[in-house]
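The values are calculated or read from the model by the stated rules, or taken from the named source; none is laboratory data. Source: prediction; values computed, not measured. FYI the Cβ positions are ideal-geometry reconstructions off the backbone, even for glycines, and counts take in every protein chain you see. SASA here: full protein model, heavy atoms, side chains in, ligands and nucleic acids out. Shrake-Rupley method; radii C 1.70, N 1.55, O 1.52, S 1.80 Å.
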There are 2 protein chains.
Amino acid sequence: MRIAELSRRTGVPIPTIKYYLREGLVPAGERTGPNQAQYGEAHVKRLKLARALVEVGGLSIASAREALRLMFSAGLSELDTIGKAQYAMTPAREYMEDEAWDEAVAEVDELIAKRGWRVKPANPARRTLADALATLRRLDQDDYFELLDSYAETAERLAADEIETVTRRGDVDSVAEAVVVWTAVGDTVLASLRRLAQEDKSTRLLEGS
Amino acid sequence: MRIAELSRRTGVPIPTIKYYLREGLVPAGERTGPNQAQYGEAHVKRLKLARALVEVGGLSIASAREALRLMFSAGLSELDTIGKAQYAMTPAREYMEDEAWDEAVAEVDELIAKRGWRVKPANPARRTLADALATLRRLDQDDYFELLDSYAETAERLAADEIETVTRRGDVDSVAEAVVVWTAVGDTVLASLRRLAQEDKSTRLLEGS
DNA sequence: ATAAAATGGATAGCATCACTTTCCACTATC
DNA sequence: GATAGTGGAAAGTGATGCTATCCATTTTAT
């Protein structure tokens, strides 16, 4: 298969495929001449995957490359991939380190301890969460405190279901792929469902009054 | 208060404040001379809000402006704000309309019907969700089907808690503000917690084997 | 056999976005 | 009266994610 068919099969324009090749999101095809190369099913899959991470998951090209790299790097245990892939998927941000920040960090630690979660200190989700909580505090949206437990409970149940489903797969590669896809696309699914449910609840409340 | 103090109080650089003023994220101050204006507490609050939507919520400047506009526009019922604000917060995307897309749209309709959710056809979360599901299908990640119910259940419970907490507030403005902030920042909180819970579950599974 | 189309690869260009910088006439403060 | 700060306009910047152009070389169609 050459580039035109790769484009047709995936819906990705040829110039974009060339760009992704340059950026290392998709490996080069097998060279058969000075200006000829062959692509296979693996390239189709990889390209679809890259597109999903970038378009639906909202990852940057750099993050997507890193996630894909980890996904296909041998030597990692299946579940180790989860951590690594997650870390790659969190974009770096700068945080405002004030009083609200310190309190938020403490709150996150407390929540993790209370739940008994085993989370490495390096997990970037800690900081992202702390940043979000600090922001809410700075806006005097302190009601979040009572909802936080509900959120955590929810997240825990979800994670249990997800891990269970994902590990039910056979081979390592398949698990790795599922983890990456689910982490990235799952956020969008969850956020959408939350919005739909919110509209429903608010509509009902509106009618009831 | 003049711009320097506004900057000090919020941590937002002066040029950025000027930019936000130009873009209409923050209303102009009260003019007291050809090159003098006064800002008040309302400006501080609005600026913090704008920053939160952009930085933590990841909204574009245009989306943030629209969300803020709706938030402070009179004449909307409290809960009507939820819908309007949500719509403003969903960025427009193009969708690949193939077979997987059609099936995904049908699936979303089915899910909404099954749950008995009352959701307007115009709600952009429908399309976002369909797009995500279509993507998973195109990647042959069909296991999502069995998890979808779990996700929906989760979203519903969350929404119930959120609406309840938010409407417990007194005035309309306060509700509107909470809705916008929670919609935007809540996504981040939820996503972070999900990642933390995932690491915990996978760590435990790894140790158990 | 030959003309037209496609290929891989390199390089440069482009549009968007979210700011920054620079400039200005003017005002406030030391 | 010097210095710093102000609001506002306009132009500039850096990052990002593509597109467009060009080229020598196949491949395909006629």
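The one condition from (1) over 16 Å from residue B:198 (Cα atoms); (2) touching a residue at least 60 places away in the same chain (Cβ under 8 Å); (3) not hydroxyl-bearing (Ser, Thr, Tyr) that residue A:148 does not meet is (2). Within segment A:4-24, does at least one residue satisfy the condition of being over 18 Å from residue B:98 (Cβ atoms), within 7 Å of DNA strand C (Cβ to nearest atom), in a loop (DSSP other than H, G, I, E, B) and open to solvent by 40 Å² or more (accessible area, probe 1.4 Å)? Checked against the condition, which is being over 18 Å from residue B:98 (Cβ atoms), within 7 Å of DNA strand C (Cβ to nearest atom), in a loop (DSSP other than H, G, I, E, B) and open to solvent by 40 Å² or more (accessible area, probe 1.4 Å), segment A:4-24 yields no hits at all.
Condition check ((1) among the basic types (Lys, Arg); (2) open to solvent by less than 60 Å² (accessible area, probe 1.4 Å); (3) within 17 Å of residue B:162 (Cβ to Cβ)) across all residues:
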site	(1), (2), (3)
A:97	no, no, no
A:127	yes, no, no
A:132	no, yes, yes
A:150	no, yes, yes
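For the criterion of being open to solvent by 70 Å² or more (accessible area, probe 1.4 Å), at pLDDT 85 or above, within 11 Å of DNA strand C (Cβ to nearest atom) and closer than 20 Å to residue A:191 by Cα, residue B:55 passes. Among the numbered conditions (1) more than 14 Å from every other protein chain (Cβ to nearest Cβ); (2) closer than 19 Å to residue A:66 by Cβ; (3) more than 10 Å from DNA strand D (Cβ to nearest atom), the only one that residue A:22 does not meet is (3). Of the residues making up segment A:152-162, just one is open to solvent by 10 Å² or more (accessible area, probe 1.4 Å) and among the hydrophobic types (A, V, I, L, M, F, W, C), namely A:160.
Can we say residue B:183 is more than 7 Å from chain A (Cβ to nearest Cβ) and open to solvent by less than 10 Å² (accessible area, probe 1.4 Å)? It is true that residue B:183 is more than 7 Å from chain A (Cβ to nearest Cβ) and open to solvent by less than 10 Å² (accessible area, probe 1.4 Å). Flag not set for residue A:31, criterion: in contact with an Asp or Glu (Cβ under 8 Å, 6 or more places away or on another chain), open to solvent by 60 Å² or more (accessible area, probe 1.4 Å) and within 13 Å of DNA strand C (Cβ to nearest atom).
So that you can scan it fast, the table gives a plain yes or no per residue for (1) among the hydroxyl-bearing types (Ser, Thr, Tyr); (2) within 7 Å of another protein chain (Cβ to nearest Cβ); (3) open to solvent by less than 30 Å² (accessible area, probe 1.4 Å):
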position	(1), (2), (3)
A:91	no, no, no
A:108	no, no, yes
A:115	no, no, no
A:119	no, yes, yes
A:141	no, yes, yes
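Within segment B:6-16, the set of residues being within 8 Å of DNA strand D (Cβ to nearest atom) and either in contact with a Gly (Cβ under 8 Å, 6 or more places away or on another chain) or in contact (Cβ under 8 Å) with a residue 24 or more places away in the chain (or both) comprises B:6 only.
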